[in-house]
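What follows is a single structure, written as structure tokens, with notes after it.
The values are calculated or read from the model by the stated rules, or taken from the named source; none is laboratory data. Nothing here was measured: the structure is a model prediction, and the numbers come from that model. Cβ sites come from the backbone with ideal geometry, for glycine too, and all protein chains shown count toward neighbours.
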Amino acid sequence: MSRNLKDFTRRKGFRSMDRLLSEEDGTARLMSDFQIARRAGEVIQPVVKPFRLVLDFSQGHTRYEDHTLVLLAQNAAQLNRLRQLVPRMLAALAVKGLPVTDIDIRIAPPAEPEPEPIPPAPPREHSIAASARLRARLEDFHDPELRATLARLADAIAPRPEERAGQLRSEFDEAGNDARRLLEALARLEDHLPEAPDPRLVPTEEDARLKPELTGVRDRLLSKLTRRVAFEDRLGRLRKRAGDELLAAESARFQLGFAVESEAGLEPGLGSGTPEPSEEDIARLEHDYLALKARLFDLRSEVEALESALDASAH
């Protein structure tokens, strides 16, 4: 409770609602005080209005206590101005015959801030992969109640039956995008392969035998050439795997009713005419998606390892 409110409530002669109602004929007295306060506010408002204090006592901010009219100001500036107007307001009240002999002006306690609304809980996201990962870990928990709770959670985050096909389409689409990003990363890494000499410029063994001073040159050039070939071979294998995973993702999309995209657009004869997959097809494709997701994870790790190796070789 603010200091102003404490002063307001502890002031001599102040009566709470409960106290008024407990007194003899308390309700009638309370209504009489309320009516006097309201009428007094209407009387003094024309006195206050010309000073543009942004206060409308005809609508409230008044209280009547034992022949004293209590006015509530919003700040110190209003309080000081109202105190200057007390003689005028008392005169206006006397003209109207209201039983007010004094005016007490106080600063109203600050209003309690409105509580911030509680944001709604975000909608639960359904995920094939998250549900499968959770189910795969159930056997790691020995507490049967905890295991049952986690099983229910796995069911809750799994796509609903009517959502399974659509969820799979989105998941395979994202998996295809992951494979494309890996292919793009590998294309960038190709520009960072270590330099190597033209194999035709490497001295042969015969050259090194005839001119021993070429032996060191031959070894250095062969070392660079071997390192370059090793990186090229490693990058080529990763590129092939990424391409295979992209093909697997697009094949699954086709089976789910999606046409495989090509540079010319949708392949003829595919697309909306593809029949909806059966429940068995969806179950098989869910299994295929989880396997594809795991392979893409491993492939991404190997691409990152290749990038680190190329950075190390450059230094």
TODO: Within the range 154-172, track down each residue that is in a loop (DSSP other than H, G, I, E, B) and out of contact with any His (no Cβ under 6 Å at 6 or more places or on another chain).
DONE: ALA158, ARG160
Task: Pair list, Cβ < 8 Å and 6+ apart or interchain, from the range 289-315 residues that are in contact (Cβ under 8 Å) with a residue 40 or more places away in the chain and part of a helix (DSSP H, G or I) to residues that are among the basic types (Lys, Arg) and surrounded by 15 or more Cβ atoms within 10 Å (Cβ to Cβ) - done: ARG295/ARG241; LEU299/ARG241; LEU306/ARG234; SER313/ARG227
Task: Unique match (being among the acidic types (Asp, Glu), touching a residue at least 24 places away in the same chain (Cβ under 8 Å) and over 30 Å from ALA249 (Cβ atoms)) among GLU195, GLU190, GLU171, GLU206 - done: GLU195
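Residue-wise test of (1) surrounded by fewer than 12 Cβ atoms within 10 Å (Cβ to Cβ); (2) polar (S, T, N, Q); (3) modelled with pLDDT under 85.
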position: ALA158; (1), (2), (3): no, no, yes
position: ASP178; (1), (2), (3): no, no, no
position: ASP191; (1), (2), (3): yes, no, no
position: GLU206; (1), (2), (3): yes, no, no
position: GLU213; (1), (2), (3): yes, no, no
- [ ] Please state which of the following conditions ALA230 fails to meet, knowing it meets all the rest: (1) within 30 Å of ALA314 (Cβ to Cβ); (2) out of contact with any helix residue (DSSP H, G or I) (no Cβ under 6 Å at 6 or more places or on another chain); (3) in contact (Cβ under 8 Å) with a residue 60 or more places away in the chain.
- [x] (3)
Open item on the list: I'd like the full set of residues that are buried (at least 18 other Cβ atoms within 10 Å of the Cβ) and of a type in the set (A, V, I, L, M, F, W, C), limited to the range 30-46.
Closed with: ILE36, ALA37, ALA40, VAL43, ILE44
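Quick grid of which residues meet (1) in a loop (DSSP other than H, G, I, E, B); (2) under 21 Å from THR101 (Cβ atoms); (3) of a type in the set (S, T, N, Q); (4) at pLDDT 80 or above:
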residue	(1), (2), (3), (4)
ASN4	no, no, yes, no
PHE8	no, yes, no, no
PHE14	yes, yes, no, no
LEU20	no, yes, no, no
THR27	no, no, yes, no
ILE44	no, yes, no, yes
VAL47	no, yes, no, yes
Open item on the list: I'd like to verify a number: residues in the range 129-146 that are charged (D, E, K, R) and either surrounded by 15 or more Cβ atoms within 10 Å (Cβ to Cβ) or touching a Gly at 6+ places or on another chain (Cβ under 6 Å) (or both), how many?
Closed with: 1
Task: Candidate set: the range 88-131, residues that are over 30 Å from ALA175 (Cα atoms) and basic (Lys, Arg); chosen: the one nearest to the chain's Cα centre (by Cα) - done: ARG106
Task: Members of the range 55-83 found to be polar (S, T, N, Q) and either modelled with pLDDT of 85 or more or part of a loop (DSSP other than H, G, I, E, B) (or both), listed by number - done: THR62, THR68, GLN74, ASN75, GLN78, ASN80
Task: Residue list for the range 49-66, filter: loosely packed, with under 12 Cβ neighbours inside 10 Å and more than 48 Å from the chain's Cα centre (by Cα) - done: PRO50
- [ ] Sort out which residues of the range 84-128 are part of a helix (DSSP H, G or I) and loosely packed, with under 14 Cβ neighbours inside 10 Å, and write them in order of number.
- [x] GLN84, PRO87, ARG88, ALA91, ALA94, VAL95
